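So the structure is just underneath, and the comments pick up after that.
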Amino acid sequence: MQKLPFITAPAVGADGTAVKKLYLVAQSHTAEIEAQHAEWLKAQAFQSLPSRYAHLPDGALYVVDVEQAQNPLAYGALGTLLSAGDWTLVLIGLPEAARAAVILGFAMGAYRYHVRGRDPFTTRIITEESDAPALALVKATWLGRDLINIPANLLGPVELAEHAENALSARGASVDLVQGDALEAAYPCLAAVGAGSDRPARVVVGRWQKREGAPLISLVGKGVCFDTGGYDLKPPAGMLRMKKDMGGAALALAVACAVIDLGLDVTLEVRLGCVENSVSGHAMRPGDVLKTRSGKTVEVGNTDAEGRLVLCDLLTEASEKRPEWLLDMATLTGAARVALGPDLPALFANDDEMAQIICESGKEHADPLWRMPLWHGYDAWLDSRIADMGNVTAKPMAGAITAALYLQRFVPKGQKWCHIDTYAWNDASYPGRPEGGETLALRAIVGAIAKIC
């Protein structure tokens, strides 16, 4: 699943010819190359503007806006522009840090998913030992995208848990798969969500540490492999992309894999709630009251607000270890998409410093999030007459905020926590972002964790 378009320093290219050179040139430094290859460039009506590409006798030229030099998406078009062969990178007028962005952007643009697997790559970039951090992010990005793109009939809760176990175990993490009676006892609210499906729920708990005593970072991901909406059934248009409702789990797993591959100085725990929200005689109903791991009770006002029911038990368990940071990730609300659109995950945090670090990391890594308020004035909207709380409110407003406020009720006071409400999908293809599953905020989160190590 992780066949990447890279190779380590061959003497000749894959087709037996000399390795080609990809000149990545700052817009202000194109004069020398333009003078050397004037006729070639004239024949291609080349203009030295950002993102302009031209063929050269020994390779290709790509012009870069220096202000975007460290943005991987600035190089996303290279994944489809470069001809077959092996390429070496030549940076002119760009900071050396841009090399990592080129590698990541090229891979993001070259990515394709097909159920039969990927064809061998005929276009590859030559990498060096120093490129390992960029390749770690490439592997994590592709892993997350692959999982989101797999059709739901091929990726149920069991399969998602197995993929997670394999990815984490291969990196030296210990993994527990919780199922059956043990799952119902430890995560009763999560189990109630999965009870409507013939495909049994699983919880993945992975643990890894760089060294004894390293700060604990705890990740939680919503892994609803398909969401019908339950008895509050979604309309056909709303159900069409619901294989991506496990995008939070895919993102949390991708972050965990990147953290391990980068060898960040942390102790890491990751919990993935792998379920399917279906309709059956065993499914939860509107009006049911569920018991959570915390002992609090929840009245189900809408069975299509199941993601927060999956997360609340996992947040309760993760909080028991008092991590330095607790982060949950989920494709949780359409309201967040109405507010911010598909490209900006909504960030809710109960700690200003934590939120600032994550948002600044998003800017640095060209992987932005947008902070939204945990507005306490709406918290009472979640009150229930017959239970400790409801999972939705009766008001048709602030849906993303009230969902976050629901989750906050399962986070102890003093625990630094953030909730990321992501879309996990590209509706159309753009350079570096082909249509399909997407690991929005991956680089931002990994960069933020690296800052606090």
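Quick one: of Lys296/Lys395; Lys243/Lys321; Lys3/Lys451; Lys139/Lys291, which pairs are farther than 28 Å apart, Cα to Cα? Kindly include the intermediate steps, with their values, before the conclusion.
Values: Lys296/Lys395 22 Å; Lys243/Lys321 32 Å; Lys3/Lys451 30 Å; Lys139/Lys291 39 Å.
Long pairs (Cα-Cα over 28 Å): Lys243/Lys321; Lys3/Lys451; Lys139/Lys291.
Relative to the first principal axis of the alpha-carbon coordinates of the chain, what is the inclination of helix 352-364, with its axis defined by its Cα atoms, in degrees from 0 to 90 and to the nearest 10? Helix 352-364 sits at roughly 30 degrees to that axis. Length gained on full extension, Glu320 to Gln36: 95.8 nm, using 0.36 nm per residue less the C-alpha separation. The slack between Met397 and Val115, meaning 0.36 nm per residue of separation minus the straight C-alpha distance, is 97.6 nm.
Using only alpha carbons, build the gyration tensor for the range 395-448 and give me the equivalent ellipsoid semi-axes, biggest first, whole Å. List each step's numbers first, then the result.
Details: eigenvalues 160, 61, 8 Å².
Ellipsoid half-lengths, sorted descending, are 28, 18, 6 Å.
Averaged per residue, the range 193-285 has 32 square angstrom of accessible surface, using a 1.4 angstrom probe with ligands and nucleic acids left out. Close amide H partners of Phe6, meaning residues 5 or more places away or on another chain with modelled amide H under 5 Å apart, are Ile125.
As an exercise, identify the trypsin sites (Lys or Arg not before Pro) in the range 210-272 lying in DSSP coil whose Cβ has no more than 15 other Cβ atoms within 10 Å.
Working: sites: Lys210, Arg211, Lys222, Arg241, Lys243, Lys244, Arg271; in loops: Lys210, Arg211, Arg241.
Counting only loop positions with at most 15 other Cβ atoms within 10 Å, the trypsin sites (Lys or Arg not before Pro) in the range 210-272 are Arg211.
Looking at this model, which pairs from Lys42/Lys363; Lys20/Lys363; Lys210/Lys416 are more than 26 angstrom apart at the alpha-carbon?
On the way: Lys42/Lys363 37 Å; Lys20/Lys363 33 Å; Lys210/Lys416 21 Å.
Over 26 Å apart, Cα to Cα: Lys42/Lys363; Lys20/Lys363.
Taking 0.36 nm per residue of sequence separation and removing the Cα-Cα distance, the Asn302/Cys453 pair yields an extension gain of 50.3 nm.
In the range 365-453, which chymotrypsin sites (Phe, Trp or Tyr not before Pro) are in a loop and have at most 14 other Cβ atoms within 10 Å, using DSSP for the loop call? Show your work: numbers first, answer last.
Numbers: sites: Trp370, Trp375, Tyr378, Trp381, Tyr406, Phe410, Trp417, Tyr423, Trp425; in loops: Trp375, Phe410, Tyr423.
Answer by residue number: Trp375.
Loop-resident GluC sites (Glu not before Pro) (DSSP state other than H, G, I, E or B) in the range 347-446 with no more than 16 further Cβ atoms inside 10 Å of their Cβ: Glu435.
Computed from Cα positions, the angle between helix 442-452 and the longest principal axis of the chain comes to roughly 80 degrees. Counting only protein heavy atoms and a probe of 1.4 Å, the accessible surface of the range 1-115 is 54% carbon and sulfur.
Compared with the dominant principal axis of the Cα atoms in the chain, helix 132-149 is inclined by about 50°.
Labels on offer are [x] 34, 25, 20; [y] 43, 21, 21; [z] 30, 29, 22, and the one holding semi-axes √(5λ) of the Cα gyration tensor in Å computed from this structure is [y].
The values are calculated or read from the model by the stated rules, or taken from the named source; none is laboratory data. From a predicted model like this one, the values you see are computed outputs, not experimental measurements. Positions of Cβ are generated from backbone atoms using ideal geometry, with glycine treated the same way; all protein chains shown enter the neighbour counts. With ligands, DNA and RNA removed, areas are computed over all heavy atoms of the protein, side chains included. Shrake-Rupley method; radii C 1.70, N 1.55, O 1.52, S 1.80 Å.
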